[in-house]
């Protein structure tokens, strides 16, 4: 196969989430650091955003009811990580189901999306959700380094064991 599969992207995403769950769990004071990315006041709120978006995109793609933002846990870290785990389970079920229509267009009726982004295949939308997380983890690594708390995060796909 030429290209990167959604299963590989999902595994790469899980590697990153596992790293950050372990790193932040071992350094809980980092969760209280000011953030300012995407409106998140603290690192913990930013992590909530990252994993909440994963869940909400997975739910959209699967045709499941979408958890309201206000209903996502605000903490502790273990509860936030549970949001990531649930999102991964939903994505894995879709990937493993041979009946999943990956090319069919989904219509999204959200005012916050520009009109040209309101249609997409499940494949595109899942890739978006997974890359969204990776982009934000890189931002978090930079934020922590600039705050004097460098992390040993190797988020580039080159370092992933999910791809050969």
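Throughout, read-outs are computed from the coordinates displayed, never taken from laboratory work. Worth saying up front: this structure is predicted, and the values here are computed from it rather than measured. Here Cβ is always computed from backbone atoms with ideal geometry, including for glycine, and neighbour counts include all displayed protein chains.
Using a ≥ b ≥ c from the Cα gyration tensor of segment 91-164 (square roots of the eigenvalues), is it rounded, prolate or oblate, where a/c under 1.5 gives rounded and otherwise the larger of a/b and b/c decides, a/b for prolate?
oblate
Relative contact order for segment 7-148 using alpha-carbon pairs under 8 Å, separation at least 6, rounded to a whole percent?
In percent, rounded to a whole number, it is 27.
Full extension from residue 59 to residue 121: what is 0.36 nm times the residue separation minus their Cα-Cα distance, to one decimal in nm?
Contour length minus the Cα-Cα distance gives 20.9 nm.
Round to a whole angstrom and tell me the spacing of the C-alpha centers of segment 31-78 and segment 105-139.
15 Å
Hey, rough spin-label estimate for residue 110 and residue 70, points 7 angstrom out along Cα→Cβ, what's it come to in nanometres?
About 1.8 nm separates the two model spin labels.
Using Cβ contacts closer than 10 Å as the measure, can you line up 103, 121, 133 from fewest to most?
Least crowded to most crowded, the residues run 103, 121, 133.
Which order results if 157, 50, 2 are arranged by neighbouring Cβ count within 10 Å, fewest first?
2, 157, 50
Please report Rg over Rh for segment 1-82, where both radii come from the alpha carbon positions and Rh follows the Kirkwood definition.
1.01
Work out, step by step, the length gained on full extension between residue 131 and residue 100: first 0.36 nm times the residue separation, then minus their alpha carbon distance; give nm to one decimal.
Gain on stretching residue 131 to residue 100: 9.1 nm.
Given the -39500 (n - 2.57) contribution per DSSP H run of 4+ residues, what per-residue ellipticity at 222 nm results for the chain, rounded to the nearest 500 deg cm²/dmol?
Roughly -18000 deg cm²/dmol at 222 nm, from the helical runs in the chain.
Kirkwood Rh over alpha-carbon pairs of segment 7-148, then Stokes-Einstein at 25 °C and 0.890 mPa s: what D in µm² s⁻¹, rounded to an integer?
Approximately 156 µm²/s, per Stokes-Einstein.
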